[in-house]
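Below you'll find the structure, written out as structure tokens, and then a few comments.
The values are calculated or read from the model by the stated rules, or taken from the named source; none is laboratory data. Predicted model only: the values in this text are computed from it and were never measured. Here the Cβ positions follow ideal geometry from the backbone for every residue, glycine too, while neighbour counts run over all protein chains shown. Just the protein is used for accessible areas: all its heavy atoms, side chains included, with ligands, DNA and RNA removed. Shrake-Rupley method; radii C 1.70, N 1.55, O 1.52, S 1.80 Å.
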Amino acid sequence: MSTIRHDAVSTEAPTQPHRPAGQAGPPVPPPRRNGRESAAVTRLRDRRHRHRLVRRIIAGAFVVLLIPAVWSYYRALTATGSDPTTLRSIEWLKGNGMNGVVNTVEHWYYANNPPPIGGKPTHGLPRAAGVNGSARARANAPVTVAHLPPPVNMQPVVTTPLPGEGQWQPTGRAVGGVPAVYTTYFRPDALHTSLVAAAMWMDTNLLKATLVPGTLEPGGPNPWGAAVPPAQRAGLVATFNSGFKMSDSRGGYYNFGQQIHPLANGVASLVIDTSGRATVGLWGRDFTLGPNIATVRQNLALLVDNGQLVPGLASDSNDKWGATLGNSLYVWRSGVGTDASGALIYVGGPGLSVESLAVLLQRAGAVRAMELDINTDWVAAYTYAQNSVDPTDVHGVKLLPSMVRPEDHYLTPGERDFFALFAAH
């Protein structure tokens, strides 16, 4: 009897692949149950792939966009100059769309960290450096030359002055055997009596002025490479900082026979004529451009005019005296003026408002005066002393020991412009 074989289709679900217990391996994929599920998985896989691709494209584009910014920042950090890395970083931020943020933070810091009230200077008033060496414009310079009368001692703003406060002392290198610079020290006001500011009086009969452009400010030709070159140091007597960056100065700049930034009428100006004599006044009223003008550096509005403080100094408006900190914050400030004899007077120090700076310039004898740069890193002034018999071998002596820039600040290239005073004879 034959056996009949019946082939039947199983209706049981397929079993999962078997892996012995404890055996490692990749996860077992779920069974493919039908074509519809396989298509859904494929679409999901394609969608994830597209998302990854889009993210990579966005990340790549972001990196490409960052390249110019990174290159710009690198160039700022490695450019010729004397500013420290932190200061270069801040200036880079301000120049790349973050000016408002930086100014807000700066204003908040100074408003919440005012200078101390009361007390006396920890080490008393600084001592003037005294006369050291002789500067001359040429080897056969005359032994004696005409000069201005020395300055009259200041009336200190503090009612009980310290010994020597406000008394002028001859300082730095003489010209033709005559002191060309006098300095004095004083408290900035009757409230912040532990702080010390200083003034420097410069004889414009004995000295000729030059504006030395920096690597960045104020722009235009830069024949000396942003520093006093060794060949010019035999006659170097004094230096001091210039004004705000041109973008904040609300004025212009003229030098080397060209208006590098357009001059503006009604703006405070330090003007140097072709003989090297420097004076301060109002552009359009006291000066107009002519063949006798060598240099004009403008900055904000006058602080002192006709021997009087100008109106509005006590307000906190930044309409006239700067767009960053206003008038009333107490910070490092500097200014320059002209006295009745024609001498140049520089004042600088910590804990100054616009009003207290103006008062000090007026008490130092200025009949017209203007604000220069502000903040710790930008206020710098020096007289010079000889190191040897070589008249070009000099070193700077800070007007105030608390000024943060080193003694060779204007002897090495720097970012901002400054004024240098040389023997005129």
Label-reachable residues, region 329-354, where backbone N falls under 20 Å from a point 7 Å from Val404's Cα toward its Cβ: 329-335, 347-354
On Cα atoms only, tilt of 354-363 relative to the major axis of the chain in degrees: 20 degrees
Rounded to the nearest 500 deg cm²/dmol, what is the calculated helix-only ellipticity per residue at 222 nm for the chain, with -39500 (n - 2.57) per DSSP H run of length n ≥ 4? -6500 deg cm²/dmol
In percent, what relative contact order does region 349-425 have, based on Cα pairs under 8 Å that are 6 or more apart in sequence? 20 percent
Can you compute the modelled spin-label distance between Asp286 and His395, with each label point 7 Å from Cα toward Cβ, in nm? 3.7 nm
Sequence-separation-based contact order of the chain, relative, with Cα cut under 8 Å and 6+ spacing, percent: 19 percent
Just the Cα atoms of region 74-130, one point each, no solvent: what log10 I(q)/I(0) does Debye give at q = 0.12, 0.19, 0.22, 0.26 Å⁻¹? -0.56, -0.80, -0.87, -1.02
Taking all protein chains in place and a 1.4 Å probe, what share, in percent, of the accessible surface of region 260-387 do carbon and sulfur account for? 49 percent
Give the percent of DSSP beta bridges with both residues in region 94-245 that are antiparallel, rounded to the nearest 5. 75 percent
Would you please put 366-374, 79-87 in order of how densely packed they are, using the mean number of other Cβ atoms within 10 angstrom per residue and starting with the highest? 366-374, 79-87
Treat every Asp and Glu Cβ in region 194-313 as -1 and every Lys and Arg Cβ as +1, leave all other atoms uncharged, and give the resulting dipole magnitude about the Cα centre to the nearest 20 debye. 140 debye
Under 5 Å from the placed amide H of Leu302, counting only residues 5+ away or on other chains, we find Ala268
Enumerate the residues in region 42-62 having an amide nitrogen under 20 Å from the point lying 7 Å beyond the Cα of Val101 toward its Cβ. 62
Full-stretch length increase - Arg127, Thr274 - with 0.36 nm per residue and alpha-carbon distance subtracted: 49.4 nm
Estimated FRET transfer efficiency (Tyr73, Tyr109; beta-carbon r; R0 35 Å; 0.05): 0.95
Result for the chain: accessible area per residue, probe 1.4 angstrom, in square angstrom, of 51 Å²
Over region 203-276: Rg over Rh, Cα atoms, Kirkwood Rh: 0.95
Ellipsoid semi-axes in whole angstrom, largest first, where each is sqrt(5λ) of the Cα gyration tensor of region 124-281: 29, 24, 14
Please turn the phi angles of region 268-275 into ³J(HN,Hα) values with the Karplus equation 6.51 cos²θ - 1.76 cosθ + 1.60 (θ = phi - 60°), one per residue in order, whole Hz, x for glycine and proline. 4, 9, 9, 10, 10, 8, 5, 8
I need the semi-axes of the equivalent ellipsoid of region 159-239: take the C-alpha gyration tensor, multiply each eigenvalue by 5, square-root it, list largest first in whole angstrom. 31, 19, 9
Please list, in chain and number order, the residues 5+ apart from Ala294 or on another chain whose amide H is under 5 Å from its amide H, with Hs placed from the backbone. Ile272, Asp273, Thr274
Please list the non-local residues whose amide H lies under 5 Å from the amide H of Thr215, H modeled 1.01 Å from N, same-chain partners needing a gap of 5 or more. Gly414, Glu415, Arg416
Could you tell me what a quarter of the Cα convex hull surface of region 108-188 works out to, in nm² with one decimal place? 8.4 nm²
Using DSSP, restrict attention to beta bridges with both residues in the chain and report what percent are antiparallel, rounded to the nearest 5. 95 percent
What's the tally of Lys pairs in the chain whose alpha-carbon atoms lie under 27 angstrom apart, where the two lysines are 8 or more places apart or on different chains? 7
Report the normalised scattering of the chain as log10 I(q)/I(0) at q = 0.09, 0.10 Å⁻¹, calculated by the Debye formula with identical scatterers on the alpha carbons. -0.59, -0.71
Does a label point 7 Å from the Cα of Arg138, set along Cα-to-beta-carbon, have any residues of region 386-425 with amide nitrogen under 12 Å, and which are they? 425
Rounded to a whole %, the carbon-and-sulfur portion of the accessible area of region 200-243 at a 1.4 Å probe is 56 percent
